[in-house]
1. For segment 462-503, name all the residues that are surrounded by fewer than 20 Cβ atoms within 10 Å (Cβ to Cβ) and acidic (Asp, Glu).
2. Name the residues in segment 504-526 that are in contact (Cβ under 8 Å) with a residue 60 or more places away in the chain and touching a strand residue (DSSP E or B) at 6+ places or on another chain (Cβ under 6 Å), would you?
3. Considering ALA366, ALA340, which residue is without any contact (Cβ under 8 Å) to a residue 24 or more places away in the chain and either in the same structural domain as GLY106 (by TED's automatic domain parsing) or crowded, with 24+ Cβ neighbours inside 10 Å (or both)?
4. For segment 141-161, check the following and say yes or no: at least one residue is assigned to a helix (DSSP H, G or I) and at pLDDT below 75.
5. Does segment 368-378 include one or more residues that are in contact with a Phe, Trp or Tyr (Cβ under 9 Å, 6 or more places away or on another chain) and either among the β-branched types (Val, Ile, Thr) or within 23 Å of MET272 (Cβ to Cβ) (or both)?
6. Could you say which residue among VAL573, VAL553, VAL549 is modelled with pLDDT of 80 or more, in a loop (DSSP other than H, G, I, E, B) and farther than 17 Å from ARG523 by Cα?
7. Are there helices (runs of 4 or more DSSP H) fully within segment 263-367 with at least 3 residues that are within 16 Å of the chain's Cα centre (by Cα)? List them.
8. Identify the residue in segment 285-298 that is crowded, with 21+ Cβ neighbours inside 10 Å and aliphatic (A, V, I, L, M) and, among all such residues, is farthest from ARG225 (Cα to Cα).
Amino acid sequence: MAVGHGGGEYKDLVVFLAAAGVVVPLFSRLKISPVLGFLAAGVLLGPDGLARLADQAPWLSWFTIDDPTQIAQLAELGVAFLLFMIGLELSWERLKAMRKLVFGLGMLQIAACTVVLAGGFMLLGQPFASAAVLGMGLALSSTAVVMPVMAERGRLRGVVGRSTFAILLAQDLAVAPILITVTVVATVAQSGAAGGDLDPAILGRTLLTLAPAAIGLALLVVLGRVVLRPLFRSVAKSRKGSGGGSQELFVALCLLVVVGAGVAAQAAGLSMSLGALIAGLLIAETEYRREVEINIEPFKGLLLGVFFVGVGIGLDLDAVAANPGGVIGLAVAITAIKAAIIFGLARLWGLSSRAAIETALVLGPAGEFAFVVLATGLVEGVADPAFTQSIILSATISMFTVPFMAMLGQRISRKGLKPDPALPELPVAPDEEEARDGAVLIVGFGRVGRLVGEMLAEHGQSFIALDTDPSSVASARAEGFDIYYGDAGRADMLRRCGIERASALVVTMDAPTKVDEVVIAARALRADMTIIARARDDRHAVRLYALGVTDAVPETTEASLQLAENTLVDLGVPMGLVLASIHERRDQFRAVFADAAPEDRKGRPTRALRGSLRNAPISGG
C-alpha cells in the first residue's frame, strides 16, 4: 500500500464506500445496471485510472485503491454471500426437482464448452494440458454478475431464469472437481515431459485429494442439520427475552454461518462459495429462513459491489492498448463459441428459440471462477504464462458485457416467454418474495392465530404465518404449518413473505403497539389490501381504523357480544333471531369505530390524526 495516507489501512475501504454511495444512486437514476457502475468504478479507481495522474496531482491518490488484494478478499466473501442467498431460496427439495436441469443440461454445457474451447486452443498451438485447463476455466460463467443483472431486469422467473440458474448452479458445483482435474492433468503432463511412464502411485495420491473434499462436504451437511436450528432458536429466544432486542446477535450469527461454512469448505479443498451455498440450503429448511435473508441482504449487496470493483481493477488497460484487436477479438470469440454451444444444448433440451438465445447470451461471457482455475493451472505449471494472461484479460472484458448481453437477450424475447411445464419451477430469486398467489398472511400464531389458520385451511384457503416466538414457530412447523420466524413490523419481512401477492393480512397479536406497527407497514406497502386486525378495546379499534385497517375486532366488544349471545340462547330465544341481532349490533359497532376516526378528503385518516392516535394511551377493557 502506498505510504503517506493519514487514513492508514482503511483508506481503500473508505474510497470504495464513497464510490458505492455515488455509483448506485447515479446509475439507478439513469436506469443503468449498477453492476456496470461498479465495474467502471473499479477501472477508474485502479492503477490504470486516477492512479496514473497521481504523479502530477498527488491529491488524486486519496481517490484510488492502493491494495487490490484486500479488495479481492472482500470480493470472495461477496460471491459466497450471493451463493448463500441462492441456497436460501433453493432448498434440498427444489434442488431435487431441478436435478435434470442441473445435472443434465448444466453438466453437459460444461463438458461441451470445455471440449470445444480446448480444441480451439490446441489449434492455436497450445499443448493438450494447457488447452484443457483453459477450456475448463472458460467453460464457466459468472454467477456473481449474471444473477444480479437478471434480477434487476426481472428475468429470473420463467424458462430463461430456470435454465440459466440450473446451468450456473451446475458450474458452481463443478468448480471443486475441475480444480482437482487440473491437478491430475498437471501430474500426467509432468510425467510425460520427464520422459517416463505415469506413476500410478502419484496419480493415486492425486486422486486421493478427492477424499477430504467428500468427507468435508458430508461433515458440513451433517453438522449443519444438527447445529443450525438450535443455534438460531437460542438467539431468537434471547431476542424475545430482551423484548425484541439483541438484533446484533442474530446478525452476528448469520455472518458466522456464512463465513464459517465457507472457511470449512475451503479447509476441505472446496470453494468458499460452495460451502456458503450448502449452508443456505440447510437454513432454507428451517423457520428462520426469512429472518436470515433480511439480515444478510445488505452484506451481500455491498460485498458483491466489492467483487465488481475488483474485476474492474483487474482490467489492465495497458495490455489492452498494446493489442486491442487480439484481446477483444479473443473475448468475442470465447463469448460467441460458448453462446453457440449453449444455444444448441438449450434447444436440444426443449427450450424455445427465444429462450435459448437469451440464456446463451447471458452465459456466453466468462466467469469469476475462470481466474481461479487458470491461476491453479499457472501454479501447477501446465498453462503458458503469457498466453494465459491474455486469456484472463479477454475473460475480464467479456464479463463487462454481461449487462449488455442481458439487455440484448431481453429485447430479442421482449414479447415474453411463457413458462414451460416440462421444466421444474425455478426457485425464487434472492431478491424476490415467495408466496402463493392469493394466500392469506397471518401475523401472530398463538391461540388466536392458530384458530384463524385452522379455519382458513378448513375452507380451502392457503396461508403463511409469521411469529416472533421461536417455540410457537417450532411447534407449528412440526405440525406442518407454513410458518416462519420474523418481525412483521418490518417492511422487508412482509415483502419476503409475499405481501404483494397475498389476498389478505390478519394481525392477531395481543400487543397493541406491535399490531399498530404491522398495520402501518402493511398499509404503506399496499393501499388496496384487506387487513383484519385484533384490537385490545374500543379505543384501540378506533385507532386501527385510523391507520387503515379494513376491519378491527376489539376483544372487549366481541366478549360482550358472545356473552349476550349465550345468555339469549340459554333463555330460550331462537338461535336465528339471536345471531341476526348479534350481527346487526356488530355492524353498528364497526360503523361507530370507523366513524370515530376522522378522515381527510380522500376518505383516509389524516397524518396528524394517525400520529395522535398512535401515541394515545390504550384503555383497559
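The values are calculated or read from the model by the stated rules, or taken from the named source; none is laboratory data. Everything numeric in this text was worked out from a predicted model, so none of it was measured. Note: ideal-geometry Cβ built from the backbone for every residue, glycine included; neighbour counts use all protein chains shown.
1. ASP469, GLU479, ASP482, ASP492, GLU500
2. Listed by number, the residues that qualify are ALA504, LEU505, VAL506, VAL507, THR508, VAL518.
3. Result: ALA340 is the single residue among ALA366, ALA340 that is without any contact (Cβ under 8 Å) to a residue 24 or more places away in the chain and either in the same structural domain as GLY106 (by TED's automatic domain parsing) or crowded, with 24+ Cβ neighbours inside 10 Å (or both).
4. Scanning segment 141-161 turns up no residue that is assigned to a helix (DSSP H, G or I) and at pLDDT below 75.
5. Yes.
6. VAL573
7. Fully inside segment 263-367 and qualifying: 272-283, 289-313.
8. ILE296
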